[in-house]
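Q: One structure is given below, represented as structure tokens, and several questions about it will come after.
The values are calculated or read from the model by the stated rules, or taken from the named source; none is laboratory data. Keep in mind that this is a model prediction, so the values were computed, not measured. Backbone-built Cβ (ideal geometry, glycine too); neighbour counts: all protein chains shown.
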Amino acid sequence: MKITVNVWRQKDADTKGSMVSYALDDVSEHMSFLEMLDVLNEQLTLAGEEPVAFDSDCREGICGSCGVVINGIAHGPEVTTTCQLHMRSFSDGDVIDIEPWRAGAFPVVKDLVVDRGAFDRIIAAGGYISINTGSAPEANNTPVPKEDADHAFASATCIGCGACVAACPNGSAMLFTAAKINHLGLLPQGQPERESRVVSMIEQHDAEGFGGCTNIGECTAACPKGIPLDVISQLNRDLLGALAAGKA
Amino acid sequence: MADEVYRGVVTTIQTRRTSAKRSTVALKYSMAVSGLVMLGYLLVHMYGNLKFFQGQEYFDEYLAGLEELFTPYLPEGGLLWIMRVALITALVVHVYAAMTLWRRNKAAAGYVGATRYHSKKGRTGIQRSYASFTMRWGGIILLLFIIGHVAQMLPNWLAPGGASDSTYERVVNGFELWWVVLLYTIGLVAVGFHLWHGFWSALTTLGQNRSATRNESTITWVSTFIAALICFGFLIVPFAVFFFGVGTS
Amino acid sequence: MTSPTDQHNVSEQFHGLGDDIADTRAPSGPIDRRWEQRKFDAKLVNAANRRKISVIIVGTGLAGASAAATLGEAGYQVTSFCYQDSPRRAHSIAAQGGINAAKNYRNDGDSVYRLFYDTVKGGDFRARESNVYRLAEVSVNIIDQCVAQGVPFAREYGGLLDNRSFGGVQVSRTFYARGQTGQQLLIGAYQALERQVAAGTVTMHTRHEMLEIVMVPDADGTERARGVIVRDLVTGEVETHTADAVVLATGGYGNVFFLSTNAMGSNVTATWRAHRKGAYFANPCFTQIHPTCIPVSGDYQSKLTLMSESLRNDGRIWVPKNKDDVEKDPRDIPEEDRDYYLERIYPAFGNLVPRDIASRAAKYQCDDGKGVGPGGLGVYLDFADAIERMGRDTVEAKYGNLFDMYAQITGENPYEVPMRIYPAVHYTMGGLWVDYDLQSNLTGLFVAGEANFSEHGANRLGASALMQGLADGYFVLPNTIANYLADGPFEKIGDDHPRVVEARQAVEERVEKLLAVDGERTVDSFHKELGHIMWDYCGMERTEEGLVKAISLIRDLRAEFWRNVKVTGESTNLNQALERAGRVADFLELGELMCIDALQRRESCGGHFRAESQTEDGEALRHDDEFAYVSAWEFGEQQPVLHKEQLEYEYVEMKARSYK
Ligand SMILES: Cc1cc2nc3c(=O)[nH]c(=O)nc-3n(C[C@H](O)[C@H](O)[C@H](O)COP(=O)(O)OP(=O)(O)OC[C@H]3O[C@@H](n4cnc5c(N)ncnc54)[C@H](O)[C@@H]3O)c2cc1C
Ligand code: HEM
Ligand code: HEM
Ligand code: SF4
Ligand code: F3S
Ligand code: FES
């Protein structure tokens, strides 16, 4: 099929960018979205132009590297990662707009590549259980009810892609942050640091310049891993508890 | 803030943090609590308004009676003043928090010029409710409405349709005018929308949502109910006066 | 049938022969005491001194992240690098199936010794006993460590950990987290790493690619690995980092085949650059082909997707008996016209035969014209029986996310239509040669995880790479490297040291050279062509003739690359074409060495089927008398030089495999 793509081109963080239009004549519906961009890039390279920069690594929806806003929707029309989106979701003659994640805390590096280092710093602020190597007790000494384990797992599947931020009208990273709070907070191992964790992670979330959550829920709708919305409410409850306990 | 951080290279914590007590989440707590206080007032107020249908005498006496509540223990009008202080505090807190978050969230969304995403498609997102789009401008309409409304009802300042010492008469005089009714309708629709998203949002902020998506949450439905109740519950009075001539002689 | 000794090995024209080498670090004595003994013999570093000692760790996969976190906790100054934008995205994240550990929670007769035994045997007797035993020994600590970090392993209703059995093994010892085990383990290690970043013991550099290693002689002339040259992928700046020791944990090189299950950026550059500086590259031709991947659908395909092998626990593999049926809707093919070939040929193991056997069997069916799907490159993996037996809900609970993944990619519903699968390159057992301490033959250069060659021999059992990565990073390396660092801190090295300057200039020149060619072919087109050569001649089945041909094809391709590649853009900002070009340039050198190694090893062992070495009924034939050694290759400008490390088996008797 033939398609046209309008791609955000921006040389580097300090240069202004704009949408540029390219035509592709021979797109197969079995291609993934990124393979379509690969084909575009081969075409551009042979024409002596610089290919479009975009992040991707695993191309199987698990590393969280990829992610662009397609026709105004983070990761495009299906609820999945950009690398797992296929061209069969589009039809012949479509015009597709492709833009990077937009958020104050995610500066554009080049074209469709943004810097998501803020996520690492939120995790560094407290998204872990403090346990030194070698000091762990026998694993089966701490049973975890299957239900809690499953719930924690659901939160733990966050891939740190940043679609939630790109989709949130407030540029809030609350879903990402809350997913980690829930993953660790639901497990017995995570209890000792439960209050201090939520306090530091929220402080870091704000310090990075993410917006506040106003419970719009667009983040969950865009999240390729289906991180549920109640994690945010749980975070709110945890922080309320921590503040009430005078932990901040 | 984010732009002090060297682009994606060294991930050590370099940002200055403010206390969680002043975080976006804490601000939201204050919005939620103040919003719920105002909502509580509105429910009582709406109930009181319905006494309008029991006639002028009864209604005016009821209002006067409010001044007398707990009088031996409180000075005259005492309860009302306590309530007013609470309401004004709630409003100030609410509006302050709303404005602070608004400014912050706009910056956080990473606008490029006047738009965030240049695509003309997908503007309404995947599941955004219409109400969630209107919180801020809707809130401002609300604020203007409240100022106008209080000025009309309390001291007899603005008195569209003619001043009177009887509040009942003032209400009737006003609602005989089409433009007053229109303004009230706009104001009440704004209230409805605001609460439609606001009630859900407040309870979620206070940690009460346990559903995976917004549409699955019972709070969403309770919210719709409360918003409709308030909107129509209040609208009955102006509509009764304007369309059915209740209270006009 | 010819035996390899009958004729002179043609590989000799392609390489030289050096002295044998030995792993001198492994203690002797009873195997279950060796690791204890080594730890006891190792020198210790005083806690106060650790702050003055620095370590560079390249790579943040399971091996790198766990090592960085552990050394950081211990108080060393660690500098870490990865090419992705976050350490959490390292390729380990993609592992699905699980991680082995000898916990014997199932009381099914498992033990450290059995895990050791299975792994040695699974590696087809091309791994070291001491290393494998140690791996099995620390496997239990890994699970404890990960659970304490909050890794949400699957649990049973009683709240205790669940296990499953995994390809080719008869006990249930695999711990898993739905189909996302690698992700959960990596996130655990990543969080531990970030904790050290916050504590200031680890400095993390993301979007940095290591392009050269810096070797510096000390006062008595010993060459030591003292630093790396990296390129900041965002600014293009070429930077120098020095330290007291260097650890490479940069993963495998499966992408030499272009199409593989590896992440797009997985590369050989870090280890290849070390190889060019003198580090031996061991068993490069040992690659693992995984049987359950989603087949290729067209030539634009950029990578292959693995579906966990656990699918073989309940799915049944078949092809139509009649070639005329390959185009038919599989549901219309009656039972009697289906050939469940694995169950037929290997009744004892059935669909659970080891990876290499399952892969080769699929290839034979397709070569025979019975393949299904695009290009006839696929066989069916059918869950109809499983759904009938366990119910759809149970199947969904067990494999739901894998089914979703399949549906996502192919647009077909695997609950209704059988899946199609085909083998794909998945893991590389080869890598830099290391001793028992995980130190390469270059002093001060340690190698961990898939980047080294050590524990799996000629073949890797499922769920053991994750185990090795974490064993290396959490438990082995932190102990053994301390023994080396106890002699430090070494003399500081300035950025103006001649060796540093030389290395940095080499990197800069190479970058400029790649940009200067300005030819007419894209980097990817070279990579794809190389991939085809490798898959056709150095893949599942290899012949002398094919390998000799491949070597000359690769040489021509490499020459053309440097004459005709087109890399657009500049070196001073993010330039992904340039990154890829550097990686492909290294693959073009590695590919040749792999073919030479494959040519030299005239035996079928592990996953490597040499057509010249098979039994009468077409099964792989190993030659323990001749090839029971590790091939460690030394780089030579003209020709690589082979050093052999002879392998001895004291505990597990060398036996021919039989899965029939
Ligand atoms: C799809 C898939 C499924 C798998 N499933 C399983 C399984 O179920 N069980 C199992 O045991 N094993 C499995 N494996 C194998 C296992 O995942 C890997 O072998 C293992 O994770 C490798 O870990 P590592 O730490 O050695 O390297 P990796 O995780 O590959 O990490 C490499 C690191 O090095 C960095 N790096 C690489 N080159 C450079 C450079 N030049 N400069 C700077 N940094 C660099 C990267 O950024 C990355 O951080 C699977 C593999 C694949 C592909
Ligand atoms: C007077 C001007 C007002 C302004 C500018 C204003 C603005 C806002 C804004 C911006 C929000 C957050 C939007 C969101 O959560 O998506 C909000 C939330 C809310 N508002 Fe108002 N509002 C006003 C008045 C009121 C009044 C009168 C009420 C009560 C009847 C009210 C009740 C609420 C509630 C319950 C919330 C939800 C709080 C939360 O999200 O936690 N607001 N308001
Ligand atoms: C049609 C609908 C409404 C009618 C008929 C109505 C009527 C009245 C009347 C009669 C009073 C005066 C009470 C007194 O004298 O003590 C009053 C006061 C007030 N009303 Fe309303 N009202 C309406 C809607 C609203 C709405 C929607 C709001 C808020 C969003 C509101 C907020 C107030 C406030 C804050 C006061 C002042 C209370 C005080 O300080 O005593 N009203 N209203
Ligand atoms: S919460 Fe979802 S959208 Fe956000 S980073 Fe995690 S996986 Fe991506
Ligand atoms: S869309 Fe944004 S407002 Fe909250 S619920 Fe999601 S972070
Ligand atoms: S490339 Fe890894 S999630 Fe898309």
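Q: Restricting to the range C:326-357, what's the tally of residues that are touching a strand residue (DSSP E or B) at 6+ places or on another chain (Cβ under 9 Å) and either of a type in the set (D, E) or at pLDDT 90 or above (or both)?
A: Here the count works out to 14.
Q: While we're here: Of the residues B:A2, B:A20, only one is within 23 Å of A:S196 (Cβ to Cβ) and at pLDDT below 95; which? Spell out the reasoning first.
A: Numbers: B:A2 fails: within 23 Å of A:S196 (Cβ to Cβ).
So the residue among B:A2, B:A20 that is within 23 Å of A:S196 (Cβ to Cβ) and at pLDDT below 95 is B:A20.
Q: Still on this structure, please answer the following. Out of everything in the range A:124-141 that is more than 7 Å from every other protein chain (Cβ to nearest Cβ) and surrounded by fewer than 16 Cβ atoms within 10 Å (Cβ to Cβ), what residue ends up being farthest from C:L477 (Cα to Cα)? Even if it seems obvious, please write down each step before you answer.
A: Initial filter on the range A:124-141 (more than 7 Å from every other protein chain (Cβ to nearest Cβ)): A:126, A:134-135, A:141.
Now restrict to residues that are surrounded by fewer than 16 Cβ atoms within 10 Å (Cβ to Cβ): A:134-135, A:141.
Numbers: A:G134: 13, A:S135: 17, A:N141: 27 Å.
It comes out as A:N141.
Q: Quick test for you: out of A:D115, A:D97, A:D55, pick the one residue that is more than 9 Å from chain B (Cβ to nearest Cβ) and either out of contact with any helix residue (DSSP H, G or I) (no Cβ under 7 Å at 6 or more places or on another chain) or at pLDDT below 95 (or both). Don't jump to the end; show me each part of the working.
A: On the way: A:D115 fails: more than 9 Å from chain B (Cβ to nearest Cβ); A:D97 fails: more than 9 Å from chain B (Cβ to nearest Cβ).
On inspection, the qualifying residue turns out to be A:D55.
Q: With respect to A:A179, is the statement that it is under 21 Å from C:L185 (Cα atoms), more than 8 Å from every other protein chain (Cβ to nearest Cβ), among the hydrophobic types (A, V, I, L, M, F, W, C) and under 21 Å from the mean Cα position of the chain (by Cα) true? Write out each step before concluding.
A: Working: under 21 Å from C:L185 (Cα atoms): yes; more than 8 Å from every other protein chain (Cβ to nearest Cβ): yes; among the hydrophobic types (A, V, I, L, M, F, W, C): yes; under 21 Å from the mean Cα position of the chain (by Cα): yes.
In short, yes.
Q: Output the residues belonging to the range A:214-231 that are under 21 Å from B:I219 (Cα atoms) and facing another protein chain (nearest Cβ under 7 Å). First the steps, then the outcome.
A: So the first thing to find is which residues in the range A:214-231 are under 21 Å from B:I219 (Cα atoms), and the list is A:214-221, A:226-231.
A:T214, A:N215, A:I216, A:G217, A:E218, A:T220, A:A221, A:P228, A:L229, A:D230 - these are the residues of the range A:214-231 that are under 21 Å from B:I219 (Cα atoms) and facing another protein chain (nearest Cβ under 7 Å).
Q: Here's a follow-up. Would you be able to say whether some residue in the range C:253-263 is more than 14 Å from chain A (Cβ to nearest Cβ), closer than 30 Å to C:C605 by Cα and away from ligand 1 (no atom under 11 Å from the Cβ)? Reasoning before the result, please.
A: Looking only at the range C:253-263, we keep the residues that are more than 14 Å from chain A (Cβ to nearest Cβ), and these are C:253, C:256-257.
Filter once more, keeping what is closer than 30 Å to C:C605 by Cα: C:253, C:256-257.
Cutting the leftovers down to away from ligand 1 (no atom under 11 Å from the Cβ) gives us C:256-257.
Looking through the range C:253-263, at least one residue is more than 14 Å from chain A (Cβ to nearest Cβ), closer than 30 Å to C:C605 by Cα and away from ligand 1 (no atom under 11 Å from the Cβ).
Q: Just one of C:A68, C:A101, C:A95 is within 30 Å of C:D597 (Cα to Cα) and touching a residue at least 24 places away in the same chain (Cβ under 8 Å); which is it? Let's see the steps before the verdict.
A: Working: C:A68 fails: within 30 Å of C:D597 (Cα to Cα); C:A101 fails: within 30 Å of C:D597 (Cα to Cα).
C:A95 is the lone residue from the list that is within 30 Å of C:D597 (Cα to Cα) and touching a residue at least 24 places away in the same chain (Cβ under 8 Å).
Q: Return yes or no: is B:Y117 more than 14 Å from every other protein chain (Cβ to nearest Cβ), more than 16 Å from ligand 3 (Cβ to nearest atom) and more than 19 Å from B:W137 (Cα to Cα)? Let's see the steps before the verdict.
A: On the way: more than 14 Å from every other protein chain (Cβ to nearest Cβ): no; more than 16 Å from ligand 3 (Cβ to nearest atom): yes; more than 19 Å from B:W137 (Cα to Cα): yes.
No, not satisfied.
Q: On the given criteria, is C:E212 surrounded by fewer than 24 Cβ atoms within 10 Å (Cβ to Cβ), in contact with a strand residue (DSSP E or B) (Cβ under 7 Å, 6 or more places away or on another chain) and over 27 Å from C:D404 (Cβ atoms)? So that I can check it myself, show each step before the final result.
A: Values: surrounded by fewer than 24 Cβ atoms within 10 Å (Cβ to Cβ): no; in contact with a strand residue (DSSP E or B) (Cβ under 7 Å, 6 or more places away or on another chain): yes; over 27 Å from C:D404 (Cβ atoms): yes.
So C:E212 fails the test.
Q: Do you know which residues across the range A:133-191 are among the polar types (S, T, N, Q) and either within 16 Å of ligand 3 (Cβ to nearest atom) or under 22 Å from B:A108 (Cα atoms) (or both)? Don't jump to the end; show me each part of the working.
A: Step one: filter the range A:133-191 for residues among the polar types (S, T, N, Q), giving A:133, A:135, A:140-142, A:155, A:157, A:170, A:172, A:177, A:182, A:189, A:191.
If the condition is that a residue be among the polar types (S, T, N, Q) and either within 16 Å of ligand 3 (Cβ to nearest atom) or under 22 Å from B:A108 (Cα atoms) (or both), then A:N170, A:S172, A:T177 are the ones that fit.
Q: For the range B:127-140, enumerate the residues that are surrounded by fewer than 17 Cβ atoms within 10 Å (Cβ to Cβ) and within 7 Å of chain A (Cβ to nearest Cβ).
A: Correct list: B:Q127 only.
Q: Sticking with this structure for a sec: On the basis of being on the phi < 0 side of the Ramachandran plot and within 16 Å of ligand 5 (Cβ to nearest atom), does B:G35 make the cut? Working first, answer last.
A: Values: on the phi < 0 side of the Ramachandran plot: yes; within 16 Å of ligand 5 (Cβ to nearest atom): yes.
Criteria met by B:G35.
Q: If a residue has to be aromatic (F, W, Y), over 19 Å from the mean Cα position of the chain (by Cα) and under 26 Å from C:D356 (Cβ atoms) to count, how many in the range C:164-193 make the cut?
A: Here is the first cut: in the range C:164-193, the ones aromatic (F, W, Y) are C:166, C:175-176, C:190.
This time we only want the ones that are over 19 Å from the mean Cα position of the chain (by Cα), so: C:175-176, C:190.
Those still in the list that are under 26 Å from C:D356 (Cβ atoms) too: C:175-176.
The number of residues fulfilling the criteria is 2.
Q: Okay, moving on. Report whether or not A:H205 is closer than 27 Å to A:C83 by Cβ, more than 9 Å from ligand 4 (Cβ to nearest atom) and more than 9 Å from chain B (Cβ to nearest Cβ). So that I can check it myself, show each step before the final result.
A: On the way: closer than 27 Å to A:C83 by Cβ: yes; more than 9 Å from ligand 4 (Cβ to nearest atom): yes; more than 9 Å from chain B (Cβ to nearest Cβ): no.
So A:H205 does not fit the description; no.
Q: Still on this structure, please answer the following. Anything in the range C:440-463 that is under 24 Å from C:F627 (Cα atoms), of a type in the set (S, T, N, Q) and at pLDDT 95 or above? List them, or say none.
A: C:S440, C:N441, C:N452
Q: Pull up the range B:88-101, narrow it to residues that are buried (at least 17 other Cβ atoms within 10 Å of the Cβ) and more than 11 Å from the chain's Cα centre (by Cα), then point me to the one that is nearest to ligand 2 (Cβ to nearest atom).
A: Among those that are buried (at least 17 other Cβ atoms within 10 Å of the Cβ) and more than 11 Å from the chain's Cα centre (by Cα), it is B:A98.
Q: Out of the residues in the range B:204-224 that are touching a residue at least 40 places away in the same chain (Cβ under 8 Å) and within 26 Å of A:P224 (Cβ to Cβ), which is nearest to the other protein chains (Cβ to nearest Cβ)? Walk me through it before giving the result.
A: Narrowing the range B:204-224 to residues touching a residue at least 40 places away in the same chain (Cβ under 8 Å): B:205-206, B:213-215.
Narrowing the set further to residues that are within 26 Å of A:P224 (Cβ to Cβ) leaves B:205, B:213-215.
Values: B:T205: 6, B:T213: 6, B:R214: 4, B:N215: 8 Å.
So the residue we want is B:R214.
Q: Applying the selection to the range A:1-35, what residues are out of contact with any Gly (no Cβ under 9 Å at 6 or more places or on another chain) and at the interface with chain C (Cβ under 8 Å from one of its Cβ atoms)?
A: Within the range A:1-35, A:D12, A:S32, A:L34 meet the criteria.
Q: Filter the range C:395-423 for residues that are among the charged types (D, E, K, R), in contact with a helix residue (DSSP H, G or I) (Cβ under 8 Å, 6 or more places away or on another chain) and in a helix (DSSP H, G or I) and give the result.
A: C:E396, C:K398
Q: Have a look at C:A69, C:A95, C:A65 and point out the one that is under 19 Å from the mean Cα position of the chain (by Cα), modelled with pLDDT of 95 or more and within 30 Å of A:G61 (Cβ to Cβ). Before the answer, list the steps.
A: Working: C:A69 fails: under 19 Å from the mean Cα position of the chain (by Cα); C:A95 fails: modelled with pLDDT of 95 or more.
Answer to the selection: C:A65.
Q: Only residues that are more than 10 Å from the chain's Cα centre (by Cα) and assigned to a strand (DSSP E or B): list them for the range C:426-475, please.
A: C:L432, C:Q439, C:T443, C:L445, C:F446, C:V447
Q: In the range B:107-120, how many are farther than 20 Å from A:K16 by Cβ and surrounded by 14 or more Cβ atoms within 10 Å (Cβ to Cβ)? Reasoning before the result, please.
A: The first filter runs over the range B:107-120 and keeps only residues farther than 20 Å from A:K16 by Cβ, leaving B:108, B:120.
Okay, now just the ones that are also surrounded by 14 or more Cβ atoms within 10 Å (Cβ to Cβ), so B:108.
Residues meeting the conditions: 1.
Q: Pairs needed: first member in the range C:211-223, polar (S, T, N, Q); second member anywhere, outside any loop (DSSP other than H, G, I, E, B); C-beta distance under 9 Å; at least 6 residues apart or different chains.
A: The qualifying pairs are C:T222/C:T443.
Q: Anything in the range A:47-84 that is closer than 24 Å to C:R207 by Cβ, hydrophobic (A, V, I, L, M, F, W, C) and either assigned to a loop (DSSP other than H, G, I, E, B) or within 16 Å of ligand 2 (Cβ to nearest atom) (or both)? List them, or say none.
A: A:V52, A:A53, A:F54, A:C58, A:I62, A:C63, A:C66, A:V68 - these are the residues of the range A:47-84 that are closer than 24 Å to C:R207 by Cβ, hydrophobic (A, V, I, L, M, F, W, C) and either assigned to a loop (DSSP other than H, G, I, E, B) or within 16 Å of ligand 2 (Cβ to nearest atom) (or both).
Q: Okay, moving on. Can you tell me which of A:G104, A:G185, A:G160 is within 12 Å of chain C (Cβ to nearest Cβ) and at negative phi? Please lay out each step first, then the result.
A: Numbers: A:G104 fails: within 12 Å of chain C (Cβ to nearest Cβ); A:G160 fails: at negative phi.
The unique qualifying residue is A:G185.
Q: C:F166 versus (1) facing chain A (nearest Cβ under 9 Å); (2) in contact with a Ser or Thr (Cβ under 9 Å, 6 or more places away or on another chain): which is the lone unmet condition?
A: That leaves (1) as the condition not met.
Q: Could you tell me which of the residues C:S525, C:S552 is at pLDDT 95 or above, within 14 Å of chain A (Cβ to nearest Cβ) and in a helix (DSSP H, G or I)?
A: Numbers: C:S552 fails: within 14 Å of chain A (Cβ to nearest Cβ).
The unique qualifying residue is C:S525.
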